[in-house]
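S.K.: Could you have a look at this structure, given as C-alpha coordinates, before my questions?
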Amino acid sequence: MPQTRTFAVIGLGSFGSRVCEVLSEKGASVVAIDADPAALERVKGIVSAAVLVDTTDEGALLKAPLDGVDVAIVAIGDNLEASILTTALLKQRGVPYVAARAITSIHETVLRRVGANEVANIEVEAGTRLARRLVAPDVLDSVPMSADVSLTEVYLPPYFVDKTPGELDIEKKLRLKVVALLRPQVDLDDTGNPVRRDELIFIAPDTTFKEGDRLFLLGRNADLDEFRNL
(Lines give C-alpha, C1' and ligand atoms only; values in the text may rest on other atoms or scores of the structure.)
Protein backbone atom coordinates (compact mmCIF):
# COMPACT_ATOMS: atom_id res chain seq x y z
CA MET A 1 0.00 0.00 0.00
CA PRO A 2 1.23 3.56 -0.73
CA GLN A 3 2.47 5.45 2.28
CA THR A 4 0.12 8.12 3.61
CA ARG A 5 1.47 11.60 3.07
CA THR A 6 1.49 14.08 5.93
CA PHE A 7 0.35 17.67 5.41
CA ALA A 8 0.64 20.68 7.70
CA VAL A 9 -1.98 23.39 7.21
CA ILE A 10 -1.06 26.73 8.76
CA GLY A 11 -3.87 29.27 9.12
CA LEU A 12 -7.38 27.99 9.75
CA GLY A 13 -9.68 30.56 8.23
CA SER A 14 -12.31 29.49 5.70
CA PHE A 15 -9.67 28.55 3.12
CA GLY A 16 -7.37 26.65 5.48
CA SER A 17 -10.23 24.82 7.20
CA ARG A 18 -11.57 23.65 3.86
CA VAL A 19 -8.11 22.42 2.86
CA CYS A 20 -8.02 20.40 6.10
CA GLU A 21 -11.43 18.89 5.36
CA VAL A 22 -10.57 17.83 1.82
CA LEU A 23 -7.17 16.39 2.74
CA SER A 24 -8.70 14.43 5.62
CA GLU A 25 -11.52 13.14 3.39
CA LYS A 26 -8.85 11.86 0.98
CA GLY A 27 -7.18 9.89 3.77
CA ALA A 28 -4.17 12.15 4.33
CA SER A 29 -2.60 12.75 7.72
CA VAL A 30 -3.16 16.43 8.55
CA VAL A 31 -1.49 18.59 11.19
CA ALA A 32 -3.52 21.80 11.67
CA ILE A 33 -1.57 24.76 13.06
CA ASP A 34 -2.85 28.15 14.20
CA ALA A 35 -2.24 30.72 16.92
CA ASP A 36 -5.98 30.91 17.66
CA PRO A 37 -7.37 28.23 20.03
CA ALA A 38 -10.90 28.76 18.69
CA ALA A 39 -9.76 28.03 15.13
CA LEU A 40 -8.09 24.81 16.25
CA GLU A 41 -11.23 23.79 18.13
CA ARG A 42 -13.22 23.96 14.89
CA VAL A 43 -11.04 21.43 13.05
CA LYS A 44 -9.66 19.18 15.78
CA GLY A 45 -12.30 16.53 15.08
CA ILE A 46 -11.24 16.04 11.46
CA VAL A 47 -7.43 16.31 11.58
CA SER A 48 -4.71 14.04 12.93
CA ALA A 49 -3.31 16.75 15.22
CA ALA A 50 -4.23 20.33 16.12
CA VAL A 51 -1.26 22.38 17.33
CA LEU A 52 -1.31 25.85 18.92
CA VAL A 53 1.73 27.67 17.51
CA ASP A 54 2.59 31.20 16.43
CA THR A 55 4.42 30.26 13.23
CA THR A 56 6.02 33.71 12.93
CA ASP A 57 7.97 32.91 16.11
CA GLU A 58 11.08 31.04 14.94
CA GLY A 59 11.64 29.39 18.33
CA ALA A 60 8.04 28.18 18.51
CA LEU A 61 8.10 26.89 14.95
CA LEU A 62 11.28 24.92 15.62
CA LYS A 63 9.41 23.04 18.35
CA ALA A 64 6.33 22.33 16.19
CA PRO A 65 5.82 18.67 15.09
CA LEU A 66 6.93 19.12 11.48
CA ASP A 67 9.67 16.48 11.13
CA GLY A 68 7.48 14.04 9.21
CA VAL A 69 5.61 16.63 7.15
CA ASP A 70 5.80 16.14 3.38
CA VAL A 71 3.89 19.29 2.37
CA ALA A 72 3.12 22.47 4.30
CA ILE A 73 0.26 24.69 3.14
CA VAL A 74 0.43 28.31 4.30
CA ALA A 75 -3.23 29.31 4.20
CA ILE A 76 -2.74 32.65 5.97
CA GLY A 77 -4.33 35.31 3.79
CA ASP A 78 -4.93 38.72 5.32
CA ASN A 79 -1.73 39.02 7.36
CA LEU A 80 0.86 39.31 4.58
CA GLU A 81 3.79 39.64 6.97
CA ALA A 82 2.81 36.47 8.85
CA SER A 83 2.28 34.60 5.58
CA ILE A 84 5.70 35.56 4.20
CA LEU A 85 7.60 34.99 7.44
CA THR A 86 5.93 31.62 8.02
CA THR A 87 6.80 30.49 4.48
CA ALA A 88 10.44 31.50 4.93
CA LEU A 89 10.70 29.76 8.30
CA LEU A 90 9.14 26.55 6.96
CA LYS A 91 11.75 26.40 4.21
CA GLN A 92 14.44 27.15 6.79
CA ARG A 93 13.05 24.33 8.91
CA GLY A 94 13.54 21.96 5.96
CA VAL A 95 9.95 21.18 4.97
CA PRO A 96 10.32 19.57 1.50
CA TYR A 97 7.42 21.33 -0.24
CA VAL A 98 5.67 24.54 0.75
CA ALA A 99 2.50 25.75 -0.98
CA ALA A 100 1.27 29.21 -0.01
CA ARG A 101 -1.84 31.29 -0.55
CA ALA A 102 -1.38 34.79 -1.99
CA ILE A 103 -3.90 37.61 -2.13
CA THR A 104 -2.04 40.05 -4.40
CA SER A 105 0.50 39.79 -7.21
CA ILE A 106 3.19 41.41 -5.05
CA HIS A 107 2.41 38.96 -2.24
CA GLU A 108 2.79 36.10 -4.73
CA THR A 109 6.16 37.42 -5.94
CA VAL A 110 7.55 37.76 -2.42
CA LEU A 111 6.34 34.27 -1.42
CA ARG A 112 8.20 32.78 -4.37
CA ARG A 113 11.33 34.70 -3.50
CA VAL A 114 11.38 33.43 0.08
CA GLY A 115 11.13 29.85 -1.14
CA ALA A 116 7.49 28.83 -1.71
CA ASN A 117 7.43 25.89 -4.15
CA GLU A 118 3.88 26.73 -5.24
CA VAL A 119 1.70 29.81 -4.83
CA ALA A 120 -2.07 29.97 -5.30
CA ASN A 121 -3.30 33.49 -5.96
CA ILE A 122 -6.90 32.74 -5.04
CA GLU A 123 -8.35 36.17 -5.75
CA VAL A 124 -6.69 36.47 -9.16
CA GLU A 125 -7.69 32.92 -10.18
CA ALA A 126 -11.30 33.43 -9.08
CA GLY A 127 -11.49 36.79 -10.86
CA THR A 128 -10.02 35.34 -14.04
CA ARG A 129 -12.48 32.42 -14.09
CA LEU A 130 -15.45 34.75 -13.45
CA ALA A 131 -14.43 37.15 -16.21
CA ARG A 132 -13.90 34.32 -18.69
CA ARG A 133 -17.28 32.83 -17.87
CA LEU A 134 -19.07 36.17 -18.27
CA VAL A 135 -17.38 37.02 -21.57
CA ALA A 136 -17.98 33.47 -22.88
CA PRO A 137 -21.28 32.19 -21.41
CA ASP A 138 -20.99 28.92 -23.36
CA VAL A 139 -17.94 28.06 -21.23
CA LEU A 140 -19.06 26.40 -17.99
CA ASP A 141 -15.65 26.13 -16.34
CA SER A 142 -11.96 26.13 -17.21
CA VAL A 143 -9.07 24.65 -15.27
CA PRO A 144 -5.50 25.65 -16.22
CA MET A 145 -3.24 22.62 -16.68
CA SER A 146 -0.15 24.74 -17.44
CA ALA A 147 0.64 28.30 -18.48
CA ASP A 148 -0.89 27.83 -21.95
CA VAL A 149 -3.01 24.66 -21.73
CA SER A 150 -6.44 24.29 -20.10
CA LEU A 151 -9.21 21.76 -19.59
CA THR A 152 -12.49 23.49 -20.43
CA GLU A 153 -16.12 22.44 -20.05
CA VAL A 154 -18.37 23.79 -22.82
CA TYR A 155 -21.86 23.29 -24.14
CA LEU A 156 -22.02 21.12 -27.26
CA PRO A 157 -22.03 23.33 -30.37
CA PRO A 158 -25.20 22.84 -32.47
CA TYR A 159 -23.24 21.62 -35.49
CA PHE A 160 -21.78 18.75 -33.39
CA VAL A 161 -25.23 17.20 -32.77
CA ASP A 162 -25.61 13.66 -34.17
CA LYS A 163 -22.00 13.61 -35.37
CA THR A 164 -19.01 11.64 -34.07
CA PRO A 165 -15.47 12.81 -33.21
CA GLY A 166 -14.27 10.78 -36.20
CA GLU A 167 -16.59 12.63 -38.58
CA LEU A 168 -15.68 16.03 -37.17
CA ASP A 169 -11.94 15.24 -36.98
CA ILE A 170 -11.75 17.59 -33.99
CA GLU A 171 -8.20 16.81 -32.95
CA LYS A 172 -6.75 17.46 -36.41
CA LYS A 173 -8.93 20.38 -37.53
CA LEU A 174 -9.31 22.22 -34.21
CA ARG A 175 -6.16 21.00 -32.43
CA LEU A 176 -8.29 20.07 -29.41
CA LYS A 177 -8.91 16.76 -27.66
CA VAL A 178 -12.39 15.85 -26.42
CA VAL A 179 -11.58 14.03 -23.18
CA ALA A 180 -15.11 13.15 -22.08
CA LEU A 181 -18.68 14.42 -22.06
CA LEU A 182 -21.53 14.74 -19.58
CA ARG A 183 -24.93 13.66 -20.88
CA PRO A 184 -28.10 14.54 -18.93
CA GLN A 185 -30.28 11.57 -18.03
CA VAL A 186 -33.62 11.39 -16.22
CA ASP A 187 -34.37 8.47 -13.88
CA LEU A 188 -37.35 7.78 -11.65
CA ASP A 189 -36.99 7.49 -7.90
CA ASP A 190 -38.86 4.99 -5.71
CA THR A 191 -41.98 7.17 -5.74
CA GLY A 192 -41.98 7.71 -9.50
CA ASN A 193 -40.64 11.26 -9.44
CA PRO A 194 -38.10 12.23 -12.12
CA VAL A 195 -34.50 12.57 -10.93
CA ARG A 196 -31.95 14.25 -13.17
CA ARG A 197 -28.37 13.00 -13.28
CA ASP A 198 -25.34 13.43 -15.52
CA GLU A 199 -23.76 10.39 -17.17
CA LEU A 200 -20.00 10.67 -17.72
CA ILE A 201 -18.99 9.19 -21.09
CA PHE A 202 -15.38 8.77 -22.18
CA ILE A 203 -14.99 9.54 -25.85
CA ALA A 204 -14.43 6.94 -28.57
CA PRO A 205 -14.11 7.77 -32.30
CA ASP A 206 -17.66 6.48 -32.90
CA THR A 207 -19.33 8.24 -29.94
CA THR A 208 -22.35 10.16 -31.24
CA PHE A 209 -22.86 13.61 -29.76
CA LYS A 210 -26.39 14.43 -28.57
CA GLU A 211 -28.16 17.71 -27.91
CA GLY A 212 -27.61 18.74 -24.28
CA ASP A 213 -24.15 17.17 -24.00
CA ARG A 214 -21.39 19.10 -22.26
CA LEU A 215 -17.85 18.53 -23.53
CA PHE A 216 -14.52 18.53 -21.72
CA LEU A 217 -11.97 19.94 -24.16
CA LEU A 218 -8.21 19.84 -23.58
CA GLY A 219 -5.92 22.10 -25.55
CA ARG A 220 -3.90 25.26 -25.86
CA ASN A 221 -5.69 28.39 -24.67
CA ALA A 222 -5.34 30.03 -28.10
CA ASP A 223 -7.06 27.07 -29.77
CA LEU A 224 -9.80 27.03 -27.13
CA ASP A 225 -10.43 30.75 -27.73
CA GLU A 226 -10.61 30.09 -31.48
CA PHE A 227 -13.08 27.26 -30.87
CA ARG A 228 -15.33 29.53 -28.79
CA ASN A 229 -15.33 32.12 -31.59
CA LEU A 230 -16.51 29.64 -34.24
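Results for (1) touching a Lys or Arg at 6+ places or on another chain (Cβ under 9 Å); (2) charged (D, E, K, R), shown as yes or no for each residue.
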position	(1), (2)
S146	no, no
S150	yes, no
E153	yes, yes
Y159	no, no
K163	no, yes
K173	no, yes
V178	no, no
R183	yes, yes
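S.K.: Among the residues of region 8-23, write down those that are farther than 13 Å from A75 by Cα and either touching a residue at least 60 places away in the same chain (Cβ under 8 Å) or crowded, with 19+ Cβ neighbours inside 10 Å (or both).
M.R.: Passing the criteria: only L23.
S.K.: Still on this structure: Taking interchain pairs and intrachain pairs at least six residues apart, which have beta carbon atoms under 9 angstrom, with the first residue in region 99-127 and not assigned by TED's automatic domain parsing to the domain that holds V74 and among the basic types (K, R) and the second buried (at least 18 other Cβ atoms within 10 Å of the Cβ) and modelled with pLDDT of 85 or more?
M.R.: Hits for this filter: zero, empty list.
S.K.: Mind checking which residues of region 54-80 are touching a strand residue (DSSP E or B) at 6+ places or on another chain (Cβ under 6 Å) and surrounded by fewer than 19 Cβ atoms within 10 Å (Cβ to Cβ)?
M.R.: Correct list: G68, D70, V71.
S.K.: What's the total number of residues in region 34-53 that are under 18 Å from R93 (Cβ atoms) and in contact with a Leu (Cβ under 8 Å, 6 or more places away or on another chain)?
M.R.: 5
S.K.: Further question: Pairs only if they're at least six apart or on different chains, beta carbon under 7 angstrom, first in region 60-83 and more than 12 Å from D34 (Cα to Cα), second among the basic types (K, R); list them, first residue then second.
M.R.: Partner pairs satisfying both residue conditions: L62/R93; L66/R93; D70/R5; V71/R5; G77/R101.
S.K.: Could I ask something else about it? Only one of these conditions is not met by A180: (1) within 21 Å of R228 (Cα to Cα); (2) in contact with a Ser or Thr (Cβ under 8 Å, 6 or more places away or on another chain); (3) not charged (D, E, K, R). Which number is it?
M.R.: All conditions pass for A180, except number (2).
S.K.: Can I ask one more? Does region 98-119 hold any residues that are over 16 Å from D70 (Cα atoms) and in contact with a Phe, Trp or Tyr (Cβ under 9 Å, 6 or more places away or on another chain), and which are they?
M.R.: R101
S.K.: Here are some conditions: (1) in a helix (DSSP H, G or I); (2) modelled with pLDDT of 70 or more. T152 meets all but one. Which one does it not meet?
M.R.: Failing condition for T152: (1).
S.K.: Please verify whether region 177-185 includes one or more residues that are part of a loop (DSSP other than H, G, I, E, B) and in the same structural domain as N221 (by TED's automatic domain parsing).
M.R.: Checked region 177-185: no residue is part of a loop (DSSP other than H, G, I, E, B) and in the same structural domain as N221 (by TED's automatic domain parsing).
S.K.: Among the listed residues R214, R183, which satisfies the condition of being over 20 Å from the mean Cα position of the chain (by Cα) and under 30 Å from A120 (Cα atoms)?
M.R.: Only one candidate passes the filter, namely R214.
S.K.: Also: Say we look at region 170-189 and pick out the residues that are touching a helix residue (DSSP H, G or I) at 6+ places or on another chain (Cβ under 9 Å) and buried (at least 17 other Cβ atoms within 10 Å of the Cβ); which of these is nearest to A204 (Cα to Cα)?
M.R.: The extreme case among them is V178.
The values are calculated or read from the model by the stated rules, or taken from the named source; none is laboratory data. The structure displayed is predicted, hence computed values, not measured ones. Positions of Cβ are backbone-derived with ideal geometry, glycine not excepted, and every protein chain shown enters the neighbour counts.
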